[in-house]
Structure formats: structure tokens, C-alpha cells
Amino acid sequence: MFDCEQIRRETHVGNGNRAKQEKQNSDFIRYGKTKKDLQRPKRLYSFDVPKRWFSHFYVISVIWNGMLLWLLLHVVFSGEQFPRWLQTLLYVLCQHPPMDKSGDEVSVVLMLVLLLLQSIRRLIECLFISVFSNGVIHLVQYCFGVCYYILLGLTILCQKTFTENKAYSLSDLYEQVGWNHVMGSAIFLWGFCHQYRCHAILANLRKNKSGEVVTWSHSIPYGDWFEHVSGPNYLAELVIYLGMGLVFGGLNFTWWLVVMYVLFSHALEAVLCHEFYVKKFESYPKHRKAFIPLIF
């Protein structure tokens, strides 16, 4: 015969373990306001770091990817090779020699320029526009973010290689410019501008007309893409990466893997953000979706 009491105890233990795992997983993926009211074991608090440390990602990105861009321009215009340490690093990451064939140099240059522009703007926002309260992020998220922006620039360099020690001129690069570079840059700038506006709207919710911070509380944001979705800054980020993908002609498999990561991770954060607003504000606009206007 089955021991019903034993089965009940095992079921209770299983449910408890499952609940603990769910809380731990939730602790990994949430940050800022979506993590504020989360019931967590005290041991998880030791892994919290301030959300304002987001600025570290962009400091690192500006320095690291700015250096990669400078080295790339030196290679393109002088015909010399990358430093040995970078060649070795690219060989390990790309699984092929970094200078084995010529390619579409303007795409790689433009991609690093766009990445640097995005990093500079986000750094300026973090330092001078955004208003961070006492929100936190998980230490694992923080470490991942640091590694992400280091690997992103290297991923771009992995897409094209340079050989023959050929020095290019500006006219040579201009001749390589195609419709994909123009359209990709236009889409990038579209998302770029809207993301800035959305971050400014969020920051202004905590400031008075003089620009002084007067509250740390959350309010319902209105204006720009907030009229359609709860996470327009996440949507704008996806648009930015889609535009960069088009710069490569839309056929680069590795970059579309990056885009898929941005899609799923930002969709998740947008859903959590939407749930936060709906739960906190009874008057929250019913027509707003979480991530994609009219759809999701």
C-alpha cells in the first residue's frame, strides 16, 4: 500500500523546492521597480548591486569599443594589421584567422560607429538625465552586462576580415556604401531618438519644472511611444539592433542571434514592467500593450 503521509510530505517538499527555485529565477531576471516588492530570501540580498551601476556598462563600452574602432580605422586606412593580442583574441572567438579575406569594410566601420554612438548616449543619460532611486540589479546581471558590451564589439569585428595589408581611402569606403547602410542607419536613428525621448520622459516624472529631483516614486508615463506600450525603451532598443542588423545586409546569422537575445530578454522585461504598472495604478491605460503596439 502507498504511504499517503509520505507522499504528502514529499509533495510538500517538492512544492517548496519549486517555489524556492522560482524565487531564485525571478531574482535573476528582475531589476529596479519590478524587483522592489519581490519577496526574497535574505541570502539573495547579498547579491544586489545598485541599478545606477548601469553606467558602468557604458563607461566600459565607450572605452573598449572606442579603442576597437580606433584600431579598426588604423587597419583600414594604413593597411597594417591588428595588434597581435587582438588577432589572437579574434581567432579564439571567431574560430578563424582574423585577416584571411577582404570584405565589406564600411559595414564593420559603420557598425562600430553606431555602437559607440549608442554607448555614448546611454552613458550621458545615466550620468545626467536618468534619476535612479534605490533600485537594484543582481550581481550576475551586472557581470553579464559588462561582458556583453565587451563581446559585442568583438562580435562585430568577427564578421569581416582584412587581408593584403591594403590601405583604403574615404572614397573606397564611399563606393562600398549601399542601400542597406542607409536604411540600417535610418532605422537605428529612429530607435535611437525614441529611446532618448522615453528615458527623458521617465526621468522628468521625478523632477519639477526646474529640473530638480522631487520624488523617488513611480508615476504613469505619457508621451511618445508610452502612448502605445509600457516598455517603449525596450522596444526602441530592439529597433536599434534591427537597424544595425540591416547594416550587414540582413544576412548575418551571428548578428541575428544577438537580435533574438535582445528580443526575448527585452520582451520579458517589458512584460514585467507592464505588470508592475497595471498592478500599481488602477487608472493605467487599458489600451497599452507591454512591448509591441496593438499586439503584445
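Tell me, which residue of segment 122-136 that is assigned to a helix (DSSP H, G or I) and out of contact with any helix residue (DSSP H, G or I) (no Cβ under 7 Å at 6 or more places or on another chain) is farthest from Leu257 (Cα to Cα)?
Initially, segment 122-136 is screened for residues assigned to a helix (DSSP H, G or I), giving 122-129.
Add one more test, that the residue is out of contact with any helix residue (DSSP H, G or I) (no Cβ under 7 Å at 6 or more places or on another chain), and what stays is 124, 128.
Working: Ile124: 28, Phe128: 32 Å.
Looking at the filtered set, the residue picked out is Phe128.
Among (1) farther than 30 Å from Leu170 by Cβ; (2) surrounded by 12 or more Cβ atoms within 10 Å (Cβ to Cβ); (3) among the hydrophobic types (A, V, I, L, M, F, W, C), where does Val92 come up short?
So the condition that Val92 fails would be (2).
Sort through Ile124, Ile129, Ile150, Ile120 and tell me the only one that's more than 17 Å from the chain's Cα centre (by Cα) and closer than 30 Å to Val49 by Cα.
Numbers: Ile124 fails: more than 17 Å from the chain's Cα centre (by Cα); Ile150 fails: more than 17 Å from the chain's Cα centre (by Cα); Ile120 fails: more than 17 Å from the chain's Cα centre (by Cα).
The unique qualifying residue is Ile129.
For segment 72-89, give me the residue count where each residue is open to solvent by 20 Å² or more (accessible area, probe 1.4 Å), touching a helix residue (DSSP H, G or I) at 6+ places or on another chain (Cβ under 8 Å) and at pLDDT 90 or above. Can you show your working first?
Start the filter on segment 72-89 by keeping residues that are open to solvent by 20 Å² or more (accessible area, probe 1.4 Å), which leaves 73-74, 77-78, 80-81, 83-85, 87-89.
Filter once more, so that each one left must be touching a helix residue (DSSP H, G or I) at 6+ places or on another chain (Cβ under 8 Å): 73, 80-81, 83, 89.
Subset that is at pLDDT 90 or above: 73, 83, 89.
Residues in segment 72-89 being open to solvent by 20 Å² or more (accessible area, probe 1.4 Å), touching a helix residue (DSSP H, G or I) at 6+ places or on another chain (Cβ under 8 Å) and at pLDDT 90 or above: 3 in total.
Mind counting the residues in segment 254-296 that are among the aliphatic types (A, V, I, L, M), assigned to a helix (DSSP H, G or I) and open to solvent by less than 30 Å² (accessible area, probe 1.4 Å)?
6
Yes or no: segment 227-241 includes at least one residue that is of a type in the set (Gly, Ala, Ser), closer than 19 Å to Glu125 by Cα and open to solvent by 30 Å² or more (accessible area, probe 1.4 Å). Before you say what the answer is, go through the steps one by one.
Within segment 227-241, the first condition is being of a type in the set (Gly, Ala, Ser), and the residues that meet it are 230-231, 236.
From what's left, closer than 19 Å to Glu125 by Cα: 231, 236.
Now drop any that are not open to solvent by 30 Å² or more (accessible area, probe 1.4 Å), which leaves none.
Checked segment 227-241: no residue is of a type in the set (Gly, Ala, Ser), closer than 19 Å to Glu125 by Cα and open to solvent by 30 Å² or more (accessible area, probe 1.4 Å).
Yes or no: Tyr45 open to solvent by 50 Å² or more (accessible area, probe 1.4 Å) and part of a helix (DSSP H, G or I)? So that I can check it myself, show each step before the final result.
Details: open to solvent by 50 Å² or more (accessible area, probe 1.4 Å): yes; part of a helix (DSSP H, G or I): yes.
In short, yes.
Give segment 56-68 a look and list any residue that's buried (at least 17 other Cβ atoms within 10 Å of the Cβ) and either of a type in the set (Gly, Ala, Ser) or not in a helix (DSSP H, G or I) (or both), or say none.
If the condition is that a residue be buried (at least 17 other Cβ atoms within 10 Å of the Cβ) and either of a type in the set (Gly, Ala, Ser) or not in a helix (DSSP H, G or I) (or both), then Ser61 is the only one that fits.
Give me the pairs: first residue in segment 81-96 and closer than 9 Å to Leu154 by Cβ and assigned to a loop (DSSP other than H, G, I, E, B), second residue open to solvent by 80 Å² or more (accessible area, probe 1.4 Å) and small (Gly, Ala, Ser), beta-carbon distance under 6 Å, and six or more apart or on different chains, which are they?
none
Would you point out which residue out of Gly249, Gly231, Gly191, Gly245 is under 21 Å from Val131 (Cβ atoms) and either modelled with pLDDT under 95 or touching a helix residue (DSSP H, G or I) at 6+ places or on another chain (Cβ under 8 Å) (or both)?
Checking each option against the conditions leaves just Gly231.
Quick check, is Leu251 surrounded by fewer than 14 Cβ atoms within 10 Å (Cβ to Cβ), in contact (Cβ under 8 Å) with a residue 40 or more places away in the chain, part of a loop (DSSP other than H, G, I, E, B) and not hydroxyl-bearing (Ser, Thr, Tyr)? Full working, then the answer.
Working: surrounded by fewer than 14 Cβ atoms within 10 Å (Cβ to Cβ): yes; in contact (Cβ under 8 Å) with a residue 40 or more places away in the chain: no; part of a loop (DSSP other than H, G, I, E, B): yes; not hydroxyl-bearing (Ser, Thr, Tyr): yes.
So Leu251 fails the test.
The values are calculated or read from the model by the stated rules, or taken from the named source; none is laboratory data. Keep in mind that what you see is a predicted model, and the values were worked out from it rather than measured. Note: ideal-geometry Cβ built from the backbone for every residue, glycine included; neighbour counts use all protein chains shown. To get the accessible areas, we keep the full protein, side chains included, count just its heavy atoms, and leave off ligands, DNA and RNA. Shrake-Rupley method; radii C 1.70, N 1.55, O 1.52, S 1.80 Å.
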